[in-house]
1. Would you mind checking the radius of gyration and Dmax of region 59-168 based on alpha-carbon positions, in Å?
2. Cβ neighbours within 10 Å, averaged per peptide: list 124-133, 106-115, 76-85 in order, most packed at the top.
3. Residue 174: net charge of surrounding residues, Cβ under 11 Å, Lys/Arg +1, Asp/Glu -1, itself excluded?
4. In the P(r) worked out for region 1-138, what percent of Cα pairs fall beyond 17 Å?
5. Scan around residue 165 for amide H atoms under 5 Å from its own, H built in the peptide plane at 1.01 Å from N, and keep only partners 5 or more places away or cross-chain.
6. If I model a spin label as a point 7 Å beyond the Cα along the Cα-Cβ vector, how far apart are those points for residue 97 and residue 23 in nm?
7. If you roll a 1.4 Å probe over the chain with all protein chains in place, what percent of the accessible area is carbon or sulfur?
8. Tally Lys/Arg at +1 and Asp/Glu at -1 over every other residue whose Cβ is under 14 Å from the Cβ of residue 111; what's the total?
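The values are calculated or read from the model by the stated rules, or taken from the named source; none is laboratory data. The model shown is predicted, which means the values in this text are computed figures rather than measured ones. When we count neighbours, we look across all protein chains shown, and the Cβ atoms used for this are built from the backbone with ideal geometry, even at glycine. To get the accessible areas, we keep the full protein, side chains included, count just its heavy atoms, and leave off ligands, DNA and RNA. Shrake-Rupley method; radii C 1.70, N 1.55, O 1.52, S 1.80 Å.
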Amino acid sequence: GDLDDVLWDVCLAYKWLISNRSVKPQKILLLGISSGAALCLRLMQLIAEQERGEETLPHYIPNLVGTMPKAAALFGPYIDYTEPKKGSFLHYPRLDLIVNESVQQYGLPYLKDFIPDGRRREYSPLYRSMQDLPPLCVVISEHEAVHDMAVEFVNLARAQGVPVTLGTWKYMCHVFPLLWGFVPESQISMKFVCEWLKQNAAQ
């Protein structure tokens, strides 16, 4: 399979939650981490695209119109699958505990198994419309690999009318909030996100 198959699995799971567990979309808050953040973003983009009549789903994917979640928090979203030519994705892996030089050397080549040749930009959530997305919270480190693509995403989303809260911390690794058990900055960032989720859930 390819990256589309992964996205269709996410769509089916999301629709199952709404249909089989009777969870209303306006009660759903998404949380995505790294590539999982990309899938959350792509799911929301797909819902918005279908509501605008721009996207046709495979016959086995239920209609997603009217199922936009209330909000989403994204930790270190990896959302640009094109070949990096400059910036944080090239320079910061030598400092990062998670997305390090080994990931660049051995992990990134696997993308060719999931994305058809010549279509990396098309498959990248960063280069698709941000129009009609719900409120977002993005948490990144100023010194992690995905910093530049995340900041570009935030600016694009805000320019298209999406309310985006951005939290940045210095000298942290990729998806550092997950280290909340023993890193003070991670604890602060997790509290930051939890407060944001509470505020959006209450609105």
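1. 15.3, 45
2. 76-85, 124-133, 106-115
3. Here the charged neighbours net out to -2.
4. The share of Cα pairs beyond 17 Å in region 1-138 comes to 63 percent.
5. Sorted by chain and number, the residues that satisfy this are 136, 137, 138.
6. Result: 3.0 nm between the two label points.
7. 55
8. So the surrounding residues net to -3.
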